[in-house]
1. Taking the simple approach of a point 7 Å from Cα along Cα-to-Cβ for both residue 70 and residue 36, what is their distance in nm?
2. Along Cα→Cβ, 7 Å out, is where each label goes; now give me the distance between the ones at residue 61 and residue 10 in nm to one decimal.
3. I need two numbers for the stretch 7-99: Rg to one decimal and Dmax as a whole number, Cα atoms only, in Å.
């Protein structure tokens, strides 16, 4: 997903980022019996904080895990949210993921 309209850098803290996306998809207002959201952050992201819409907290299971994709060495932090019986009209709202990520951690030191 393009992050141009969803990922913001804190103007006061250069390493602080906020990802804002809708908790539920907006193209279909429906009931989901077992709604799952997975957010994969960049490798090296720390101090991860999650803000869900108030209604989404009821009955939601939230866990932090590692995602290993192609060429991932340490694994990327991954937030897993499992919300049973999610109704769009009740659970709709912005989900915010705030984290610290040093941009220089993407640089590779020569050997």
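Please treat every number below as a calculation from the coordinates, not as lab data. Every value quoted in this text rests on a predicted model; they were computed, and no experiment measured them. Glycine gets a Cβ as well: all are built from the backbone with ideal geometry, and neighbour counts include every protein chain shown.
1. According to this spin-label approximation, the distance is 2.2 nm.
2. 3.2 nm
3. 14.3, 41
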